[in-house]
1. Using 0.36 nm per residue of separation minus the Cα-Cα distance, give me the extension gain between Glu313 and Ile188 in nm, one decimal.
2. What residues from the stretch 365-402 fall in the zone where the backbone N is under 12 Å from a label point 7 Å along the Cα-to-C-beta line of Asn436?
3. From the phi angles alone, apply the Karplus equation (6.51, -1.76, 1.60; θ = phi - 60°) to the stretch 185-199 and give each ³J(HN,Hα) in whole Hz, x where the residue is Gly or Pro.
4. How many angstrom lie between the Cα centre of the stretch 466-499 and the Cα centre of the stretch 108-137?
5. Using a Förster radius of 45 Å, what is the FRET efficiency between Lys489 and Val371 based on their Cβ-Cβ separation? Nearest 0.05, please.
6. His268 versus Gln228, label points 7 Å from Cα toward the beta carbon: distance in nm?
7. Take Glu515 and Ser159, extend 7 Å from each Cα along the Cα→Cβ direction, and tell me the distance between the two endpoints in nm.
8. Under the 0.36 nm per residue contour assumption, what length would be gained going from the current alpha-carbon distance of Cys119 and Arg207 to full extension?
Amino acid sequence: MNKKQEKKRIFKNQYELKTDELFQIRQKLQIEIRRQGREKLLASRRNYQKDPSPYNNDFKNDFYSSISRVPWCGNIKKLGGICTPNTSSVTDLGELGSYNTSSIPQQFYELIDGLNSNCIEIQLISLSKFRKLLSRESIIPIQKIIEHCVIPIFVQFLSSKNVDLRYEAAWILSNISAGSTEQIKAVIDAGALPIFTELLSDATDMRLQDHILWALGNIAIDSPQFRQLVLREGNLGALCQHILNVNVQPCSVLRTMSWTLSSICRDHITDSDWPQISSTFPVLAQLINFKDDEILYNVCWALSYLSDNNHIEDVINLGVSPHLVNLMVHDNTEIQAVALHCVRNIVSGNDSQRQAIIDCGILTVLKSLLVSTKSSIRKDACFILSHIAAGNIDQIEHIIHVGLISLAINLMANSDFQTQRETCYVVYNAIRRCYNRPELTICIVRQGCIQPLVNMLNYMDNDIICVVLRTIGAILRLGETLAEENNCKNQCTLLIEETGGIERINELQNHENDEIRLLAYNIIDKYFAEEDEGYESELNQSFDLSEQNRFFNKQFNYQSNYSIDSIEIIGVKI
């Protein structure tokens, strides 16, 4: 390596991060994106639209004129506030975030007095004002509510005979349960969970069920300990099944229920939690049949969490695999991405689990995804294909002869780096697993994999360089075996030489990575060392690549009964 090349190498590696550091950065970024998405979703659920209270405005005006009067500010935008007939206006407590927060404790005392009133109308209006305070993104006084011991009062209203009081209290508690761990603990300590479970069995009030499910989901998603409390409080699977039996069409409560179930399935599942969580599986299997984007999105995440938790077999036994394969080509890109993530987890299992997905027609779907215009879709499709290529010989034979290996090699030569990276694993896994079926390796080589592999040696990714060197080493070993059988030179060495691979492998003997240096040295030493006088001259002679192909054709004329046209997608059409 001359000084110019060494200077270029040092410059390009100056700010290079290690592979594990890059992985950690990507993981943190994904977690942050999910967190922001959850906060946005919670904020949208917490914002109120219209005061549903049926009571007349005269009563409200009289009530607010006595407890809610604050200085008027003309440039403040009112958010559904109640005004008196007097144009001097009385400001809604929901707008307290726009004013001096020093007045909030006084308003709390007045509203607490309203909660303790014997008048249902006053209680309802006080609850409504608390709910609107909690619905404001700019001011969420949950801690002040806890400090004033108001949460037990809200929990008491859950047992009220008045439907509107129960509804407002449930909404408030669902908002509080979206707070910190300490705030959620305050809701649990007030005894809300048993009452939530009892109310959830009442199928007559969908609005109430909606907010209870949101509250349970918020509690369960906070920590595994809180999830255990939610699961052990009642039979969540039976309660959700009861709700699902009543609501046969997509609706708000089913969308919320699907999100709650995905929250329940998140994180590590302990053996003690498994019986309660597994009771919700029939509900998930039914929800995936709904043609509703939000329900499908949440159910796919739930199944993805389960397959992440080493419960791949349980997901397959639900019979949802055909639906997941179909959702891989869904029009909604968010659903498509989650379905791909779930299938990725499934194909990372054992051979029988991979075969269950193959039987659903995934190879046909992958053939369309590999030519997608979106790089993320192509990358995920290659990731799935690489795991299938790590399967048994029959599965590898299948993907070769439906044209997927050919598409992967084309992507290795003509796609973005992330996709190329995954295609390297496709070729490597397929060749590595075909050690006792050389005709399959020859079939892969004949599809032009060597030139793209050699090109990948120029990338500054140590993992990929190691994978490529191992792949080239496996190809050269096959060529050596064929050469011994036919008493001729190793034709694969000529292919590597023709594509410029020997120069690059020579350079890698000086690589800073020990594993790369060793792999490169072994290849050069075993297959490209000068063993006789005529060897170097033979390598330098020009040769026709078609002659090498004729050599491979002469050795193997392999054919398969598999055809891409004979594979169909099993399941419900989206």
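1. 41.6 nm
2. Within reach of a label on Asn436, which here means backbone N under 12 Å from a point 7 Å along Cα→Cβ, the stretch 365-402 contributes 393-394.
3. Each residue of the stretch 185-199 in turn: 4, 5, 5, 5, 5, 6, x, 6, 4, x, 6, 4, 4, 5, 5 Hz.
4. Here the two parts' Cα centres lie 80 Å apart.
5. E(calc), rounded to 0.05, equals 0.75.
6. 1.2
7. Modelled inter-label distance: 6.2 nm.
8. Gain on extension, Cys119 to Arg207, equals 29.3 nm.
Any read-out appearing in this document is the output of simple, stated calculations on the displayed coordinates, not a laboratory observation. These figures come from a predicted structure and were not determined experimentally. All Cβ positions, even for glycine, are placed from backbone atoms using ideal geometry, and neighbour counts span all protein chains on display.
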